[in-house]
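What follows is a short report on a single structure.
The values are calculated or read from the model by the stated rules, or taken from the named source; none is laboratory data. Values in this document were obtained by computation on a predicted structure and should not be read as measured data. As a convention, Cβ positions derive from the backbone with ideal geometry for all residues, glycine included, and neighbour counts pool all protein chains shown.
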Amino acid sequence: GAAQPLLKVNNIEVIYDHVILVLRGISLEVPKGGIVAILGANGAGKTTTLKAISNLLGTERGEVTKGSIEFDGVSVESSSPNALVKRGCIQVMEGRHCFEHLTVEENLLTGAFTRGGDRQGIQRDLEMVYNYFPRLRERRTSQAGYTSGGEQQMVAIGRALMSRPKMILLDEPSMGLAPQLVEQIFEIVKQINEQEGVTILLAEQNTNIALRYAKFGYILESGRVVMEGEAEQLRNNEDVKEFYLGLG
Ligand code: ATP
């Protein structure tokens, strides 16, 4: 049979502010080593799904009220975000969220906060990040707030890598970036997936690019999965073509 998935989300419901039902029973699986995309229009529930997995809903008065989430064989619904990072699951938030007053390199080093005094390992991984993102090596002493949107997205992904993750949850990596840059970033994400074995779950409004890089996709509408399948199959589906492709 199929290998045990690295992430298994089973029928979760999310409510904001005790009353606003936003996820209405989402189930999804991410195989170890895979790239999976969560697709859908603005407001469909993509960000909420990722935040539910990494337990970041609390700051937004959101709550998982039903269902279960398993990461790497362990139930994680009540794990703190930091405990999840230690387990190997880290989220790159939408909008990048760099520390603007720190340099690029300092930002990357903050990603190693769970690794204590592992100086050699941290140094080695910094090199790894610079090898994936040569642009960040050039900009390493620049204040992050003064770097471009594309560079900040690279910093955010590089910072996540510094935690030595098994899986990265990537929220809307294409947001606000020129098409050429989006392509470049997806290409690097693919390399990280292949060479470091990091599993990727990404949320994207840009269905077109997401389905070129992901192997499997879930399409969300109003907090429900309305379609799921192999990327290739979704790309050739007439409804997907009509409603989602050509948007990105
Ligand atoms: P986007 O591309 O804008 O991030 P999305 O598909 O990720 O869209 P979500 O951000 O998950 O969608 O939002 C899903 C729904 O939940 C939307 O209707 C949104 O208005 C609502 N929502 C999001 N955050 C909150 C919050 N903190 N309180 C109340 N409602 C919220």
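Just the residues that are among the basic types (K, R) and either within 15 Å of G217 (Cβ to Cβ) or at pLDDT below 95 (or both), please, taken from the stretch 29-85.
Within the stretch 29-85, the first condition is being among the basic types (K, R), and the residues that meet it are 32, 46, 51, 61, 66.
Within the stretch 29-85, K46, R61 qualify.
What residue, of E77, E100, is of a type outside the set (V, I, T), without any contact (Cβ under 8 Å) to a residue 40 or more places away in the chain and not in a strand (DSSP E or B)?
On the way: E100 fails: without any contact (Cβ under 8 Å) to a residue 40 or more places away in the chain.
Being of a type outside the set (V, I, T), without any contact (Cβ under 8 Å) to a residue 40 or more places away in the chain and not in a strand (DSSP E or B) holds for just one of E77, E100, which is E77.
Tell me the residue from I38, I53, I20 that is touching a Gly at 6+ places or on another chain (Cβ under 8 Å), within 13 Å of the ligand (Cβ to nearest atom) and β-branched (V, I, T), please. Steps first, answer last, please.
Values: I53 fails: touching a Gly at 6+ places or on another chain (Cβ under 8 Å); I20 fails: touching a Gly at 6+ places or on another chain (Cβ under 8 Å).
The unique qualifying residue is I38.
Name the residues in the stretch 82-101 that are surrounded by fewer than 17 Cβ atoms within 10 Å (Cβ to Cβ) and over 18 Å from G150 (Cβ atoms), would you?
The first filter runs over the stretch 82-101 and keeps only residues surrounded by fewer than 17 Cβ atoms within 10 Å (Cβ to Cβ), leaving 82-83, 86, 95, 97, 99-101.
N82, A83, K86, H101, listed by residue number.
For the stretch 117-132, the criterion of being within 16 Å of the ligand (Cβ to nearest atom), surrounded by 14 or more Cβ atoms within 10 Å (Cβ to Cβ), closer than 13 Å to A160 by Cβ and at pLDDT 95 or above is met by none of the residues. Looking at R140, R164, just one residue is over 25 Å from A210 (Cα atoms), in a loop (DSSP other than H, G, I, E, B) and basic (K, R), and that residue is R140.
For the stretch 56-74, what are the residues that are assigned to a loop (DSSP other than H, G, I, E, B) and either within 13 Å of the ligand (Cβ to nearest atom) or closer than 22 Å to L202 by Cβ (or both)?
Going residue by residue through the stretch 56-74, those that are assigned to a loop (DSSP other than H, G, I, E, B) are 56-57, 61, 72-73.
Within the stretch 56-74, L56, L57, R61, D72 meet the criteria.
Looking across the stretch 80-93 at every residue that is within 18 Å of E29 (Cα to Cα) and outside any strand (DSSP E or B), the one that is farthest from the chain's Cα centre (by Cα) is identified as R87.
On the given criteria, is Q153 surrounded by 21 or more Cβ atoms within 10 Å (Cβ to Cβ) and in contact (Cβ under 8 Å) with a residue 12 or more places away in the chain? Break it down into steps so the answer makes sense when it comes.
Working: surrounded by 21 or more Cβ atoms within 10 Å (Cβ to Cβ): yes; in contact (Cβ under 8 Å) with a residue 12 or more places away in the chain: yes.
Considered against the rule, which asks whether it is surrounded by 21 or more Cβ atoms within 10 Å (Cβ to Cβ) and in contact (Cβ under 8 Å) with a residue 12 or more places away in the chain, Q153 comes out as yes.
Could you please find all residues in the stretch 212-248 being on the phi > 0 side of the Ramachandran plot and loosely packed, with under 15 Cβ neighbours inside 10 Å? Once the filter is applied, which keeps residues that are on the phi > 0 side of the Ramachandran plot and loosely packed, with under 15 Cβ neighbours inside 10 Å, the stretch 212-248 yields S222, G246. Taking the criterion of being under 24 Å from V14 (Cβ atoms) and either touching a residue at least 60 places away in the same chain (Cβ under 8 Å) or out of contact with any Pro (no Cβ under 7 Å at 6 or more places or on another chain) (or both), would at least one residue in the stretch 176-186 satisfy it? No, the stretch 176-186 contains no residue that is under 24 Å from V14 (Cβ atoms) and either touching a residue at least 60 places away in the same chain (Cβ under 8 Å) or out of contact with any Pro (no Cβ under 7 Å at 6 or more places or on another chain) (or both).
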